[in-house]
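The values are calculated or read from the model by the stated rules, or taken from the named source; none is laboratory data. Small disclaimer: the values here were computed from a predicted structure and weren't measured. We place every Cβ from the backbone using ideal geometry, glycine too, and count neighbours over all the protein chains shown. When the accessible area is computed, the model is the full protein with side chains, heavy atoms only, and any ligands, DNA or RNA have been set aside. Shrake-Rupley method; radii C 1.70, N 1.55, O 1.52, S 1.80 Å.
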Amino acid sequence: MRALLRPLARLARRLTGVKAHHLKIPYAWIPYHLYDDGTAWAPLTVTLELTYLCNLRCKMCSLVEGNMVTPQGQRQNPELREADGTLRREISTEEYLDIIRQIGRAGVKAVSLTGGEPTLRRDIATLVAAIKKYPIHLSLISNGSGKPEVYRELIDLGVDSITISVDGTREVHDHVRGREGSFDKAVRAVRTIIDAKKANSDRRPWLEVSCAVSALNQHDLENLVTWFEGYEIDMLNIGHLHYSTAERQAATERLVDGPIMHLKQPELPDRVVAVDTADLVERIARIRASRGTGKVPVKFMPELDADQIHRQYADPQFVHVNKCFHPWLATRIDPWGQMYPCWIDIRLGDVRKRGFMALWNSELYRKFRRNIREQKLLPKCATCPALTDKTWSSVPTLDRGLLQLGRRTLPIRKAVSTQREPVGVT
């Protein structure tokens with residue numbers, strides 16, 4: 001039945017112009033208005049940050065800048081130590097399996113595995129197998145350094161989408177990623193995935209190559225597009241730089257209520273963020289002009305015109321959308337079990353102690369949603385990678401009094417009980 005419904009759904013979207021992401025809007029828009037207290041229905045998407053360990057030292061990585069990716073196993077950051085001085089313990093395999101059961105029973109539709117480098121978790125195949133017991137779309141974001149047999153095993157287990165990060169051709173990529181030979185490993189991973197898809201005669205997994213634009217690689221973007229012309233990838237995604245400033249960070253922390261963890265450092269050095277926007281506009285224009293003739297599909301995230309590209313890197317007030325529904329749709333869990341909403345890193349509690357749905361609609365999370373609803377956006381939201389859907393700006397926000405059908409404190413979708421004894425947020 002599913003094999004029949006998918007092509008029908010694709011045909012309907014082509015005829016109507018409705019995209020898959022448009023269907024998420026009512027799911028967020030209704031509770032956004034309906035529940036005064038910030039309650040949300042069960043999240044559609046969960047990002048599991050399996051580990052912050054990584055074998056690369058990417059120059060635009062907030063984990064590297066935050067001293068999280070270290071040869072000593074992330075011991076430099078004092079926020080990772082317990083009160084007794086011991087190193088905070090990452091989620092164990094058994095704990096992850098319990099979290100996955102809670103996610104599956106809550107009706108989550110998509111899970112993304114990321115890091116650090118997620119393939120460094122020795123139990124990643126076990127976790128993927130557990131997730132695929134549920135009707136969940138599973139994606140993996142990797143730097144491509146995993147062994148070929150790891151990617152093949154994950155494909156055999158049913159992973160639906162794999163994104164390999166490549167930030168330029170060989171010399172540029174290795175410089176950006178801080179490790180010689182990293183480009184060749186990433187390309188090897190791409191080839192491994194293509195070969196596995198052919199061997200299985202399967203369109204799955206969706207294979208995407210992702211490039212983060214910075215001052216370090218903007219001159220190489222066209223070369224990167226040309227390089228992958230000979231590869232059967234589904235998409236080359238060129239994303240605009242994701243970063244913040246000390247001023248935006250401080251202003252945001254004044255507006256949110258809850259414990260902030262500074263595990264990631266969003267303030268990147270000038271050598272990374274000082275993009276020549278005039279040059280970038282010209283290069284993107286040439287890439288766009290060649291889209292119709294090239295073999296590799298290219299998309300930009302977000303899609304910006306020339307003026308918006310200048311403002312993305314030069315105007316601290318610029319945002320692509322004027323309101324945010326993300327906290328009603330998705331959440332993240334860090335390697336120590338802390339749930340947090342987005343790159344505004346307010347930690348909302350340990351999912352191992354309180355339970356997944358208990359934290360999702362906890363008072364702290366609901367208060368955060370109320371804040372987002374009232375403020376529309378926070379200072380740190382500028383350049384946020386979750387705010388790429390321009391449709392959000394055209395969706396009206398209404399007087400909630402017109403829509404109130406009675407105040408509720410529980411979501412409409414009844415979740416399987418995952419309550420734990422309440423504890424303070426750590």
Check: So is residue 332 touching a strand residue (DSSP E or B) at 6+ places or on another chain (Cβ under 8 Å), of a type in the set (Lys, Arg) and modelled with pLDDT under 90 or not?
Finding: no
Picking from 163, 126, the residue that is farther than 16 Å from residue 187 by Cα and β-branched (Val, Ile, Thr) would be 126
Report task. State yes or no: is residue 28 over 29 Å from residue 240 (Cβ atoms), crowded, with 20+ Cβ neighbours inside 10 Å, under 19 Å from the mean Cα position of the chain (by Cα) and at pLDDT 80 or above? Result -> no
When (1) open to solvent by 50 Å² or more (accessible area, probe 1.4 Å); (2) in contact with an Asp or Glu (Cβ under 9 Å, 6 or more places away or on another chain) are applied to residue 289, the one that fails is (2)
Those residues of region 227-271 that are under 30 Å from residue 170 (Cβ atoms), open to solvent by 50 Å² or more (accessible area, probe 1.4 Å) and either in contact with a helix residue (DSSP H, G or I) (Cβ under 6 Å, 6 or more places away or on another chain) or without any contact (Cβ under 8 Å) to a residue 60 or more places away in the chain (or both) come to a total of 6
Of 144, 85, 115, the only residue that is at pLDDT below 95 and either crowded, with 22+ Cβ neighbours inside 10 Å or within 18 Å of the chain's Cα centre (by Cα) (or both) is 115
Scanning region 297-334 for residues that are open to solvent by less than 10 Å² (accessible area, probe 1.4 Å), part of a loop (DSSP other than H, G, I, E, B) and either of a type in the set (A, V, I, L, M) or out of contact with any Phe, Trp or Tyr (no Cβ under 8 Å at 6 or more places or on another chain) (or both) gives 304, 321
Only one of (1) within 22 Å of residue 112 (Cα to Cα); (2) touching a residue at least 40 places away in the same chain (Cβ under 8 Å) does not apply to residue 175, and that is (1)
Being open to solvent by 10 Å² or more (accessible area, probe 1.4 Å) and at pLDDT 95 or above narrows 339, 357 down to just 357
